[in-house]
Every structure is written in structure tokens, then in C-alpha cells.
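The values are calculated or read from the model by the stated rules, or taken from the named source; none is laboratory data. As the structure is a computational prediction, the values presented were derived from the model and not from experiment. In this analysis, Cβ positions are derived from the backbone assuming ideal geometry, glycine residues included, and neighbour counts consider all displayed protein chains.
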Amino acid sequence: MNDTATILLFGGTFDPPTRAHAMLPPRAAELIGAEQLLYVPAAISPHKLDQVPTPADHRVAMLGLALDKVENVQVRTMELDRDGPSYSVDTVRSLREEFHDGTVLRLLIGDDQAVAFHRWKDWKAIIDLAEPLVLPRGYDSPEGFADAMRACGGGWNDSEIEQWCRRRLDLPCMTMCSQEVRFQLESGGEADEELDPDVRKYIRDQGLYR
């Protein structure tokens, strides 16, 4: 890997991984010229401590199927291998130790996560180690995103909001939501539009979300 390599990190519970999970992060990696994209499944999200996720082996298997045709990606299980909630700061610190100083790490997050980023554990350290990039999800325009940051309860000043807007990528909104897919499946639906066929088959074969 050359001295100016960029690696993009994308975390989540992936419960289950949707088509958007497989399509939009690679486009983000292409936009910034990243040589590699790392998907990092969370063991337990600190933002969803009241929700028990599907067992990790199933989520990793589904993610592998969803990404089967995507180039230059890896699935890293480092958060699954740790005990307790999965904090992003621990992950980026670990990866910073793994890769040489010439490697640029970037953390891809949804705009809904960005609005509340000041509530993340050691969020300033995360920015120093792997400056975030923002994937449109809940807000379909930079103006809507900025308004949401202003309304979040005093967490951001004008300068910080401008900086976050510059981190926002010009990509389609990631409207597919794993929680909504689970609701469809639990209600007897197939979620054909949201899930890769191989992922749907795995879910049926394993009897998940029923």
C-alpha cells in the first residue's frame, strides 16, 4: 500500500444488510479515491442497547453475501471480538495502530448519526483519527442537514455546522432501513426491493426474522 493510501470505514449492525449498504459506501469510497473499504459489524451498538441484534455469525454471513460482487472491500470483525458495546473510538484507534502513519482513515456515517455525533464517546478523538464523511440518509439537501444540526439542542456552532456540511457527500439518500426490513420480514413480507436475493435466501433458509 502506498504512502498516501486512503481507507474508508463503515460500521453498523447490518441486521440485515440491505442493498443500500452494499451500494452506497463503495460509491463513497470511489468519490474520495479510497483504495479500500472496511465494513465493521457492531456487536452491540451503544445507541441501541435496548435492542438485541441477530447473532453475529448470521450478520457476518449475510454481509458477506451482500458484498460478494463488490471490489476492494473487507469485513472486519474486530468489534464482534471485543466484549461490551461497540465504540467507534476503540475501532479507529485499533486501525490507526495497524496502518502506517501515511494511511488516511475516514469514517463514513449517516447524516442522522452526524447530527448527534457530539454525544459519541470521545468524538473529538474520532475526528482526529478518522475524519468523518457524511452519507445522506434523513436529509435530502445540505440545507436540511444544516437545519437539523442547528436544532439538535445546542451541540454545534455555526463554524462546526459549516464543517460538517463540507463533509457531506453528494450521493443519493440511503433511505433503506434495516429496522423497516425486519418489520417487513416479521410480518411475512419478502423485502424483495431492499435485499439481495442471496441474502433473502439465507434469511429463509436460516429462519431469521420470523
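Computed values, structure above
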| item | result |
| --- | --- |
| Residues satisfying the stated conditions in region 83-129, i.e. surrounded by fewer than 21 Cβ atoms within 10 Å (Cβ to Cβ), β-branched (Val, Ile, Thr) and under 16 Å from the mean Cα position of the chain (by Cα) | Val89, Ile127 |
| Region 49-69: number of residues that are modelled with pLDDT under 95 and farther than 14 Å from Asp15 by Cα | 3 |
| Residues (outside any helix (DSSP H, G or I), within 13 Å of Pro17 (Cα to Cα) and in contact with a Pro (Cβ under 7 Å, 6 or more places away or on another chain)) located in region 172-189 | Met174 |
| Looking only at region 162-174, and only at residues there that are of a type in the set (A, V, I, L, M) and modelled with pLDDT under 95, the one that is farthest from Phe14 (Cα to Cα) | Leu171 |
| Residue list for region 146-160, restricted to those being at pLDDT 90 or above and within 23 Å of Val92 (Cβ to Cβ) | Met149, Trp156, Glu160 |
| Out of Leu24, Leu65, sole residue that is more than 16 Å from the chain's Cα centre (by Cα) and assigned to a helix (DSSP H, G or I) | Leu65 |
| Residues that are surrounded by 13 or more Cβ atoms within 10 Å (Cβ to Cβ) and assigned to a loop (DSSP other than H, G, I, E, B), drawn from region 152-171 | Cys152, Gly155, Trp156, Leu169, Leu171 |
| Residue tally, condition of a type outside the set (Asp, Glu), surrounded by fewer than 22 Cβ atoms within 10 Å (Cβ to Cβ) and in a helix (DSSP H, G or I), over region 29-46 | 2 |
| Qualifying residues in region 132-151 (those that are surrounded by fewer than 16 Cβ atoms within 10 Å (Cβ to Cβ) and either in contact with a helix residue (DSSP H, G or I) (Cβ under 7 Å, 6 or more places away or on another chain) or of a type in the set (Ser, Thr, Tyr) (or both)) - the one farthest from Leu31 (Cα to Cα) | Arg150 |
| Check on Glu131, modelled with pLDDT of 95 or more and under 30 Å from Asp57 (Cα atoms) | yes |
| Residue in region 187-194 that is buried (at least 19 other Cβ atoms within 10 Å of the Cβ), within 19 Å of Pro25 (Cβ to Cβ), in contact with a Leu (Cβ under 8 Å, 6 or more places away or on another chain) and modelled with pLDDT of 90 or more present | no |
| Conditions (1) at pLDDT 95 or above; (2) not in a helix (DSSP H, G or I); number of the one not met by Arg200 | (2) |
| Criterion (farther than 26 Å from Thr175 by Cα, outside any loop (DSSP other than H, G, I, E, B) and free of Cβ contacts under 8 Å to residues at least 60 places away in the same chain) met by exactly one of Asp128, Asp147 | Asp128 |
| For Gly138: the one exception among (1) assigned to a loop (DSSP other than H, G, I, E, B); (2) in contact (Cβ under 8 Å) with a residue 40 or more places away in the chain | (2) |
| Condition check for Ile32: under 18 Å from Glu131 (Cα atoms), modelled with pLDDT of 95 or more and touching an Asp or Glu at 6+ places or on another chain (Cβ under 9 Å) | no |
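One line per residue, one yes/no per condition, for (1) farther than 27 Å from Arg166 by Cα; (2) part of a helix (DSSP H, G or I); (3) polar (S, T, N, Q):
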| position | (1), (2), (3) |
| --- | --- |
| Met78 | yes, no, no |
| Pro85 | yes, no, no |
| Val89 | no, yes, no |
| Leu95 | no, yes, no |
| Gly102 | no, no, no |
| Leu105 | no, no, no |
